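Participant: Submitted below is the structure of interest, expressed as structure tokens.
A short reminder: the numbers here are calculations on the coordinates, not readings from a lab. Because the structure is a prediction, the values reported are computed rather than measured. Here the Cβ positions follow ideal geometry from the backbone for every residue, glycine too, while neighbour counts run over all protein chains shown.
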Amino acid sequence: MQSYLLAVDRFNSAIGKIFAWSIVVLTLVITFEVISRRVMGAPTTWAFDASYMLYGLLFMSAGAYTLSRNGHVRGDFLYRQWAPRTQAWLDLVLYIFFFFPGILALVYAGYVFFDLSYQTKETSSFSPDGLLLWPFKMIIPITGVLMAMQGVVEVLRCVICIRTGEWPQRQSDVEETEHLILAEAEANKVDVDRSQISVDEAKL
């Protein structure tokens, strides 16, 4: 089971890291546009469309990757104080009643959105060149499918935690600064407690 969970984590991680390069392409596009406009006096007719498509691609493709790292923003000032089993029960309920209905709606609506764009060969109305929009809109249902795959993995993690009382391991790239600070504070607390014990023993 754990190997399956980590395999999906790795897959979504690879997708996220591949599409993360779109930020480099986006930077190059904007740089080229600025130079063309300010230096050469010849602004492009496609850079605006390309820039919002690349940003949208980056934003959407990072969804499943972020979920695999448990990195989405949430108000967890109470959540973090709860026992793992309580956290897992809450997550399970939220996934079933909110996450999956929303994601399935995204897949369905996104596919309809893409199909209409493809059938009509829709182009952008924001620039004279009118770049094709269907390749960009195709990312919407694909993102929904990836999010659904990762959601199944997260539900399985909730079930495992409910049974064992501990969250199963997940893939990780970097450690949150907050976690590092808390770990350091805990280590310092342990060192202080040990020092106090040593002082008390010396007094005895």
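Participant: Suppose each label sits 7 Å from its Cα in the direction of the beta carbon; what would the PHE97-SER125 distance come out to in nanometres?
Facilitator: Taking the two extended label points, one gets 4.1 nm.
Participant: Next up: What's the center-to-center distance, using Cα atoms, between the stretch 70-134 and the stretch 2-37 in Å?
Facilitator: For the stretch 70-134 versus the stretch 2-37, the Cα centre distance is 18 Å.
Participant: Also, I was wondering about something else. Could you work out the Kirkwood radius for the chain, taking every pair of different alpha carbons, averaging 1/r and inverting it, reported in Å?
Facilitator: 20.7 Å
Participant: Local charge sum around PRO135 (other residues, Cβ-Cβ under 12 Å, Lys/Arg +1, Asp/Glu -1)?
Facilitator: Local net charge: 0.
Participant: When the dipole is taken about the Cα centre of the chain, and only Lys, Arg (+1) and Asp, Glu (-1) are charged at their Cβ, what size is it in debye, to the nearest 20?
Facilitator: Computed about the Cα centre, the dipole is about 440 debye.
Participant: Determine the gain in length on full extension of the stretch ARG85-ARG170; use 0.36 nm per residue of separation and subtract their C-alpha separation, reporting nm with one decimal.
Facilitator: 28.9 nm
Participant: Same structure, new question: Quick check on the exposure proxy: order VAL39, VAL25 from fewest to most C-beta atoms within 10 angstrom.
Facilitator: Ascending number of Cβ neighbours within 10 Å: VAL39, VAL25.
Participant: Further, regarding this structure: If Lys and Arg each add +1 and Asp and Glu each add -1, what is the summed charge of the other residues whose beta carbon sits under 13 Å from the beta carbon of LEU116?
Facilitator: Local net charge: 0.
Participant: Also, quick follow-up: Using just the helices of the chain, give the 222 nm mean residue ellipticity in deg cm²/dmol: DSSP H runs with n ≥ 4 each add -39,500 (n - 2.57), and the total is spread over all residues, rounded to 500.
Facilitator: Estimated from H runs of four or more residues: -24000 deg cm²/dmol.
Participant: In percent, what relative contact order does the chain have, based on Cα pairs under 8 Å that are 6 or more apart in sequence?
Facilitator: Averaging sequence separation for qualifying contacts and normalising by length gives 27 percent for the chain.
Participant: Let me ask another. Calculate the spin-label point distance for ALA105 paired with LEU28, positioning each point 7 Å from the Cα along the beta-carbon direction, and give it in nanometres.
Facilitator: 3.9 nm
Participant: Another question about this same structure. Rounding to the nearest 20 debye, state how big the charge dipole of the stretch 44-163 is about its Cα centre with +1 on each Lys and Arg Cβ and -1 on each Asp and Glu Cβ.
Facilitator: Rounded to the nearest 20 debye, it is 540 debye.
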